[in-house]
Amino acid sequence: MRTKFKQWAVDYLKESPNIFTLEDIDSLKNYLKENKCFLEIGPGKGKFILGMAKKFPNYNFLVVEISPTIAGICLKKIDEDGEIHNVKMVADDFFKLSSLLDKETFDGIFLNFSDPWPKKRHEKRRLTSKLFLESYKNILKSDGKIYFKTDNDDFFAYSRESFIENGFNIIYENLDYQVDPNVDEETEFEEKFKSHDIKIKRLILTK
Ligand SMILES: C[S@@+](CC[C@H](N)C(=O)[O-])C[C@H]1O[C@@H](n2cnc3c(N)ncnc32)[C@H](O)[C@@H]1O
């Protein structure tokens, strides 16, 4: 996701009451223990997580976003909504956060339209490459699930294989997925791709 640098958004990260830094890890862990808990890696501007937090007010959500500008835009939207009390953010690389988290923390992890990084030399950055999947296994509860959506056929095929190779079980697969409003929410990218008639591919997996 390319977004022009915005100083106000980066500055906003220091003001928000809903941000945890990696130095605050103990407070973050307390928040994650309060309720059933879900993680979104790469929330973009936050449309999905806002909708999910309203739909499931008794769950706690954490978003981790690597781009400071996008993180600031997302967090301001969450804070200004006024209705939401159950979304917190870490504005950093998921990989740095992952090693600090306790085992079996999350009931679910959302990977929505993650960057496909198509070049082979960038494979390690793909959020469905081996090291990431090992980390998800560690932080997911035993009955936890990964919810994966993408527009991209090659990235879908790569990810599907990577999940299987790394011991995940596919419990749901749909190559022309339409959002089920009872349990899911459309993302910004999803809205854009659907308007171009691109089919959305979805997997749900257990470890
Ligand atoms: C293509 S955008 C999709 C945004 C949103 N999920 C949607 O569907 O509209 C991918 C997002 O993931 C973030 N991202 C990529 N790698 C990340 C990482 N290692 N840790 C945290 N965020 C990451 C990017 O900065 C970007 O905001």
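Going by accessible area, probe 1.4 Å, with all protein chains left in place, what is the ranking of Asp102, Asp143, Asp107, largest first?
Asp143, Asp102, Asp107
What FRET efficiency comes out for the pair Lys141/Lys14, r = Cβ-Cβ distance, R0 = 25 Å, nearest 0.05?
Here the calculated transfer efficiency is 0.15.
For the stretch 1-47, restrict the atom set to alpha-carbon positions and state the Rg and Dmax in Å.
Looking at the stretch 1-47, its Cα Rg and Dmax stand at 13.2, 36 Å.
Given labels modelled 7 Å from the Cα in the Cβ direction, how far is it in nm from Asp154 to Asp115?
1.6
How charged is the neighbourhood of Ile84? Take every other residue with its Cβ under 10 Å from the Cβ of Ile84, and add Lys/Arg as +1 and Asp/Glu as -1.
Details: positive: Lys54, Lys77; negative: Asp79, Glu80, Asp81, Glu83.
Cβ neighbours under 10 Å give a net charge of -2.
Among the trypsin sites (Lys or Arg not before Pro) within the stretch 104-171, which fall in a DSSP loop and have no more than 10 other Cβ atoms within 10 Å of their own Cβ?
Lys119
With only Lys, Arg, Asp and Glu charged, each at its Cβ (+1 for the first two, -1 for the last two), find how big the charge dipole of the stretch 94-202 is about the Cα centre; round to the nearest 20 debye.
Here the size comes out at about 680 debye.
Between Gly167, Gly144, Gly46, find the one with the highest GNM mean-square fluctuation for the chain; connect C-alpha pairs within less than 10 Å.
Evaluated over the chain, the most mobile residue of the options is Gly167.
Once both labels are modelled 7 Å past Cα along the beta-carbon direction, what's the Val183-Tyr31 spacing in nm?
About 2.7 nm separates the two model spin labels.
Residues of the stretch 125-162 with the amide nitrogen closer than 19 Å to a label point 7 Å from the Cα of Asp102, along Cα-to-Cβ, please.
Within reach of a label on Asp102: 135-145.
Please arrange Glu23, Glu83, Glu186, Glu104 by accessible surface area, largest first, computed with a 1.4 Å probe and ligands excluded.
Sorted descending by solvent-accessible area, the residues read Glu23, Glu83, Glu104, Glu186.
On the full set of protein chains, 1.4 Å probe, figure out the accessible area of Leu101 and give it in Å² to the nearest 10.
Result for Leu101: roughly 10 Å² accessible.
Identify all lysines with a Cα-Cα distance to Lys77 below 18 Å; exclude those on the same chain that are fewer than 8 residues away in sequence.
Cα-Cα hits under 18 Å: Lys4, Lys6, Lys14, Lys45, Lys47, Lys54, Lys55, Lys88.
Taking the Cα centre of the chain as origin, work out the dipole magnitude from +1 charges on Lys and Arg Cβ and -1 charges on Asp and Glu Cβ, in debye rounded to 20.
Charge dipole, the chain, about its Cα centre: 520 debye, nearest 20.
Report D for the stretch 1-136 in µm² per second (integer): Stokes-Einstein, Kirkwood Rh on Cα pairs, 20 °C, 1.002 mPa s. Provide the component values of the computation, followed by the final result.
Details: Rh = 15.3 Å.
For these conditions, the coefficient is 140 µm²/s.
With point charges of +1 on the Cβ of Lys and Arg and -1 on the Cβ of Asp and Glu, referenced to the Cα centre of the chain, which listed residue (Ser159, Tyr31, Tyr59) lies farthest in the positive direction of the dipole?
Ser159
For an R0 of 25 angstrom, estimate the FRET efficiency from the Cβ-Cβ distance between Lys199 and Lys6 and round to the nearest 0.05.
Plugging the Cβ-Cβ distance into 1/(1 + (r/R0)^6) gives 0.15.
The values are calculated or read from the model by the stated rules, or taken from the named source; none is laboratory data. Predicted model only: the values in this text are computed from it and were never measured. So basically every Cβ, Gly included, is an ideal-geometry build from the backbone, and we count neighbours across all protein chains shown. For accessibility, only protein heavy atoms count, side chains too; no ligands or nucleic acids. Shrake-Rupley method; radii C 1.70, N 1.55, O 1.52, S 1.80 Å.
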